[in-house]
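The values are calculated or read from the model by the stated rules, or taken from the named source; none is laboratory data. The structure presented is a predicted model; accordingly, all values stated were derived computationally and were not measured. Counting neighbours? That spans all protein chains shown, and the Cβs are built from the backbone with ideal geometry, glycine included. These area figures cover heavy atoms from the full protein model, side chains too; ligands, DNA and RNA do not enter into them. Shrake-Rupley method; radii C 1.70, N 1.55, O 1.52, S 1.80 Å.
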Amino acid sequence: MTNALLAQFIPEARELLERAGSGMLALEKSPGAESLDDVFRAVHTLKGTSGLFEIAPLTHLVHAAEDLLVEVRAGTLVLEPAIVDGLLDSLDLVGHWIDVLESRAVLPDEADAVMASRVTALRAWLPAAIEATVARADYGPPDWLADLPEADRQAAWRRAAASGAPLTVWHYEPDETCFFRGDDPAHLVAQAPGLVALRVRPRAATPSPETCDPVLSWLRFEVLCVADAEAVADHLRYVADQVRVGAIRPDDLIVLTGTEDEAEVFGDFAARAGTLLAEDARADLAAAAAALLGIVGAGTRQACALRWIAALAATAETETLRRLAADLGGPRPASGSPPTDRPPAEAPAPDLALRQQAEAILAAQAEMLAVPTDPAVAEGRFESVRTVVRRCLPHLVPGRAAALEAALGRARAGATETLGAVLRGVASGAAAAPPMPTPSGDPAPRPTAAPPPATGPRDAPEGSGPDAKGPARMLRVEQGKVDALMNFAAELTVAKNGLAYLAGRVEQVSGSRQLGREIKEQYAVIDRIAQSLQVGVMAIRMMPVSQVFQRFPRLVRDITRKLGKEVELVILGEETEADKNVLESLADPLIHMVRNALDHGIETPAIRIAAGKPARGTLRLAARQENDNVIIEVADDGRGIDPEAVREKALRSGLIGPDQAAQMTAEDLVNLVFAPGFSTRDQVSDLSGRGVGMDVVRSAVRRAGGDVWLASQPGAGTCVTVQLPLTMAVTRIVTVVARGQQYGVAMDAVAETVKVPRDQIHRIKQRETFVLRDAMIPLIRLADSLGLPAASDAPPEEEAVMVARVGRERVGIVVDGFRERMEVIVRPLDGLLAGLAGFSGTALLGDGRVLLVLNLSDLL
């Protein structure tokens, strides 16, 4: 995205939407002023910031939502569930538009139409008659109307005459501290309906740069709109106490300004204009006015009248033109409005602030002239002073300017005393000038005695000491940059493994053990730095699980309302942190599990009461960290899963055979819900029942290097547990050997390694097992599972066994031997190898070889 400001707005908008959405749910659950204020602030801020971009439909929709919240805050509207639904749906739509905005930098083409229908729906809940409180009574044509550009007033006149639309004038003096509340006065004015002309001026004298506070508003907006006063008042209803609005007639715009010109030609024109109007020869009247304008001065009141006649001759009423023509010959205009003889707006009085700055400059020039110097320097200095003084003259009052100009004419390079005296006199006058008023109209504060110098650390402001801790400073960084940094850290971690290989090669090829030791020492240093870098970057990527959990209150609310159930959502351990990629991989599986729990698990209130349970069910989302894994549990207190029903359905569907079914425990049976196409429901709903959800859950979790299992008790509820690694960036593995080939196994899955004598390996039915600390451990042979050729050597007396954890089970894997441990980046299989069973990916070793990393779940 090339628009940096828009790129910054998008994540901020998402945060505001999340805050507003969660606040709405909290507000519905427990109404309170604090929650309502939080929601209002989020929506109000989103509306204000969205106005910076060309996304008017989004702004209008958020504005409509804000209107509803205003009425709720005022107590004139009750926040019913239907209104909450409407607001949440609108926030969802805004969220969708934000996604589109991120990808296309513009809103969808249908945004206007969608916005209009949604805004209509939202405003339908507003009270029928909301009285705008903008002061608009008895506000006739203001004096500043004549200061608006004549061309703009003529354009407004023509628009009003052509469409019959009303004209509205208003002025707006924003509160000085409006920016601290997130208001944007300029944007508010720019979005006014029917805006034609705008004049921005300081409400008082312009502050000097030394006293101007840039975060205070000291402006006044004077606006002319072709719009109804009610519409303007509604637009300004949130700043009603800072606005005055009034309706005017089109003829009020005809304000004649300029100096008086008593030339006889205007009387002749007035007489001819009367004749032309009597003949309804309006085109001739316009041509005559244009011709006369070409030979008279443009700054007179008569010329102003001629311009109005030329502009309005074709459309204005005859009486209006007649009054203008009559005004040419008389001393005063006779229009419906009281035209004035005010001086042209183009000749304003010298600005007070500029005058004060000019006088300060002149005072400095006087001080410079008073410094003794040699004649060669004095001449150049005098020319410099004279140039500066002349540039300051336009900003001085006429009397002082004339005195200075005369002094400049008399002064010479060697005789500057007179000029210096005049300059000093001016400087004194400047010092005696009245103080500049502040924007609020308060007198300037009197000078106060300088504060005593600080005598030690105790005099420093609280919190300014070196040990004081200020508020945490946040740095918003694009996610892609952090991901790139993490990739570099991971590459460095893997690249350092090459040093260990290089040290071994040096010892083997050159026989230099000293050089090998030095390489190993450097390897240790780089290893320490790489680990520190990896830990630091990982800390940046670690995010609380709440980032995933926060979407479920809304999901649970919507589904339970749809199913007619009552469910209490309990969230525990949301502060648990995990890698960003892990959390992203967790989102979709959790949605499946929560929907299954609500649809399959928790019963309706009537069924629960009949079963002796509370009418309101409980859904618990819990997260915790165990070693290098994050554990997520989704538990409900619903009907649970009947293992015998699962057994019967699995037999009918052919998922398992009778022999296998006889050997399976109740726990094994309920975990059949993860099998592809298997569902405990006979009917398919729009939420679940197709038998694909839990299969997708298991596939997604295993792709992320984790596992999932289920425990259930009929009548008491079900708990689904997901185990995921804390990070997916760098994987610690141990290499094992089978038939001369090396394979990697994730260290997280390895419980221990043991040597098992062959005579302690037993066969139960068709499976080998051995006993480890009074526990029966099933055995598989890695070479057989991978389909490798049989070994030609005699079997060893002791088998190398890696005891691994697969789900909740332990299994012994017989290998030919163990090799080193290392940290690698596991790349998923793609291309022709994508979907190859038994392997989770590949890793590049330090000597350039490619290592296949085993997926133990696929081997069992």
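General observations
- Taking all pairs of distinct alpha-carbon atoms in the range 502-584, Kirkwood radius in angstrom: 17.3 Å
- Gain on full extension, evaluated as 0.36 nm per residue between Arg732 and Leu475 minus their Cα-Cα distance, stands at 89.4 nm.
- Remark: the Asn487-Asp793 segment gains 105.8 nm on full extension, using 0.36 nm per residue and subtracting the alpha carbon distance.
- Under Karplus coefficients 6.51, -1.76 and 1.60, residue-wise ³J(HN,Hα) of the range 10-22 in Hz, glycine/proline x: 4, x, 5, 5, 5, 4, 5, 5, 5, 5, 5, x, 5
- Amide hydrogen neighbours beyond the local backbone of Leu772, cut-off 5 Å, H modeled: Ile777
- For the chain: accessible area per residue (Å², 1.4 Å): 53 Å²
- Length-normalised contact order of the chain in % [C-alpha pairs under 8 Å, at least 6 apart]: 7 percent
- Label-to-label distance, nm, for residues given as Asp37 and Thr275 (7 Å Cα→Cβ offset): 7.7 nm
- Accessible surface ranking for Glu566, Glu648, 1.4 angstrom probe, highest first: Glu648, Glu566.
- Mean separation of Cα contacts under 8 Å, 6 or more apart, over the residue count of the range 474-603: relative contact order %: 23 percent
- Take the Cα of Ser699, go 7 Å toward its beta carbon, and the backbone nitrogen atoms of the range 706-723 under 18 Å from that spot belong to 706-709.
- Radius 12 Å from Cβ of Ala290, net charge of other residues (Lys, Arg +1; Asp, Glu -1): 0
- The H on the amide N of Arg203, modeled in the peptide plane, is under 5 Å from the matching H of Leu219, Arg220, each at least 5 residues off or on a different chain.
- Between the range 238-281 and the range 645-674, the alpha-carbon centres lie 95 Å apart.
- Over 21 Å (Cα to Cα) - which of Lys613/Lys649; Lys496/Lys520; Lys29/Lys562; Lys496/Lys580 fall in this group: Lys613/Lys649; Lys496/Lys580
- Val78-Asp284 pseudo-label distance in nm [points 7 Å out on the Cα-to-Cβ vector]: 7.5 nm
- Modelled FRET efficiency - R0 56 Å, Leu354 with Asp628, Cβ distances, 0.05 increments: 0.20
- Heavy-atom accessible area order for Thr315, Thr735, largest first, 1.4 Å probe: Thr315, Thr735
- Heavy-atom accessible surface of Glu110, to the nearest 10 Å², is about 100 Å², with a 1.4 Å probe and all protein chains retained.
- 3J(HN,Hα) along the range 738-753, derived from phi through the Karplus expression 6.51 cos²θ - 1.76 cosθ + 1.60 where θ = phi - 60°, amounts to 9, 6, x, 9, 9, 9, x, 10, 4, 5, 4, 8, 8, 8, 5, 10 Hz, with x in place of Gly and Pro.
- Accessible-area composition of the range 185-333, carbon plus sulfur, in percent [1.4 Å probe]: 54 percent
- Nonpolar atom fraction for the range 142-181, defined as the carbon and sulfur part of the 1.4 Å probe accessible area, stands at 53 percent.
- Residues in the range 701-716 that a label on Thr665 would reach, taking backbone N under 13 Å of a point 7 Å out along Cα→Cβ: 710-712
- Calculated from backbone phi, Karplus (6.51, -1.76, 1.60) coupling profile of the range 256-261 in Hz, x at Gly/Pro: 8, 10, x, 7, 7, 10
- Largest to smallest principal axis extent of the C-alpha atoms in the range 233-277, angstrom: 54, 26, 9
- Accessible area, probe 1.4 Å, largest first, for residues Ser30, Ser35: Ser30, Ser35
- Computed from Cα positions, the angle between helix 643-653 and the longest principal axis of the chain comes to roughly 90 degrees.
- Förster-model FRET efficiency, 56 Å R0, Val377 and Asp175, C-beta, rounded to 0.05: 0.55
- About its Cα centre, the dipole of the chain is roughly 1560 debye, where the only charges are +1 on Lys and Arg Cβ and -1 on Asp and Glu Cβ.
- Size of electric dipole in the range 39-108: Cβ of Lys, Arg +1 and of Asp, Glu -1, about Cα centre, debye, nearest 20: 240 debye
- Compared with the direct C-alpha span, the chain from Ser857 to Arg652 gains 71.2 nm at full extension, assuming 0.36 nm per residue.
- Residues with amide H under 5 Å from that of Val750, placed H, sequence gap 5 or more: Arg805
- Annotation for the range 532-554 versus the range 48-115: alpha-carbon center distance of 28 Å.
- The rule of thumb for compact globular proteins, 2.2 N^0.38 Å, goes into the C-alpha radius of gyration of the range 273-312 1.12 times.
- Cut-off 14 Å (backbone N to label point 7 Å along Cα→Cβ of Glu230), residues of the range 147-187: 166
- Using just its DSSP H runs of length 4 or more, each adding -39500 (n - 2.57), the chain gives a mean residue ellipticity at 222 nm of -14000 deg cm²/dmol after division by all residues.
- Taking all protein chains as they are arranged and a probe of 1.4 Å, the heavy atoms of Ile540 leave approximately 100 Å² accessible to solvent.
- Nitroxide proxy distance, nm - points 7 Å out along Cα→Cβ at Glu260 and Ile529: 8.9 nm
- Theoretical FRET efficiency, 1/(1+(r/R0)^6), r = Cβ-Cβ of Glu809 and Glu574, R0 25 Å, to 0.05: 0.25
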